[in-house]
Amino acid sequence: MSEFLSQDDIDSLLQSGFGSSDAPAVAESSADFLKHAATDLADQLITVLNTLTGRDIVSAPAEQFIGDAEMVGTYLGNEGYLSMALPVSGNVQGTLYLTMLKSKAAILYDLMIMGDGTTPYSDDVKDGISEIFSQVSGNYATFLRGKANGTCSTGATMLREDDGVDMLISDECVLMDISVSEIAPFQMIATFDIDLTHSLEKFYVASPPSGGGFSFDTDSLLSQDEIDSLTAATEDLSSSSSRPAAPQAMPQGPMGLPNFTSSFAPKGSVDMLLDIELDVSIELGRTDISIKRVLELAPGALVELDRLAGEPVDLLVNNKVVAKGEVVVVDESFGVRIISLVSPEERIRSLR
């Protein structure tokens, strides 16, 4: 019975803390967390750009700095800028700015309309870029809802054409490298205003251990009752080794200990559930109206929804959101092209 842990072994493990004071700190420096936030933003950005342009586009954070006109001019140049403001509200609050040269915005617009990236900047470019970043905004809000484990939404994208960059002064900025197949690389600046920076920090920076030493995940430890139960089971098995074997063997768990959760039941398989049919629906938007308004509805009446034109629609399975998509037409029928998914864990939880 040497494979079982004795009470002394268990006590030693608990006292050792499963680690040492030389282990790396859990807390991440607040000076670096925005690069991680920018990486997550880049993932949402390229998802939308790849879908809309059909090109292989790569984006990654390159350098973090405090915004000022000289730095922005150094990184982007001085041809005239286009800035997109994406307001965020809910569990995460603040404003995200994406700033790029107008000539580079024209490249993205031209690629979206299946051009070769040579269209000059115009009002059409401005409208097209607004559509692109409205979708980026929707994707990013979906990601932040998962990150913040709560509500999060973005308002209407606001565009500003500026020769200067006064809106970026003194805010945290991250330079983003954009690489497009067959197009010369260029840069975009993601700027997190002070409210958004403070709001994101609590989700990206881990709190250091209060004792100043090692730390470990206490959620994974056994409770004292579980330890006592395992110890008692070990002693019972040890004392029974000299007695005749029982007619039916107890199911074995890790390390040979009894599997108390199985209760001799046959092992289930998720394959048994794969053929179950589920209701799938697409939600364009919602609104609250009074009973009086419902009774007044007639052919030709307009009902305003809570979603902006061009914003991704929700794909629901059993009334749970599992993905975001854009409406397309396939052989004269409506369809939805998936542009982002919630995590597999969230999808599984939503089916419960």
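The values are calculated or read from the model by the stated rules, or taken from the named source; none is laboratory data. In this text the structure is predicted, and so the values were computed from the model without any measurement. Note: ideal-geometry Cβ built from the backbone for every residue, glycine included; neighbour counts use all protein chains shown.
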query: So how many residues does the stretch 65-122 have that are out of contact with any strand residue (DSSP E or B) (no Cβ under 8 Å at 6 or more places or on another chain) and of a type in the set (D, E, K, R)?
result: 4
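Yes/no matrix, rows are residues, columns are (1) surrounded by fewer than 17 Cβ atoms within 10 Å (Cβ to Cβ); (2) at pLDDT 85 or above; (3) on the phi < 0 side of the Ramachandran plot; (4) hydroxyl-bearing (Ser, Thr, Tyr):
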site	(1), (2), (3), (4)
Asp171	no, no, yes, no
Glu182	yes, no, no, no
Pro185	yes, yes, yes, no
Ile189	no, yes, yes, no
Asp195	yes, yes, yes, no
task: Could you tell me whether Ser130 is in a strand (DSSP E or B), surrounded by fewer than 22 Cβ atoms within 10 Å (Cβ to Cβ) and touching a strand residue (DSSP E or B) at 6+ places or on another chain (Cβ under 6 Å)?
output: no
statement: Thr157 passes all but one of the listed conditions (1) touching a helix residue (DSSP H, G or I) at 6+ places or on another chain (Cβ under 7 Å); (2) farther than 28 Å from Gly73 by Cβ; (3) surrounded by 14 or more Cβ atoms within 10 Å (Cβ to Cβ); the exception is number (2)
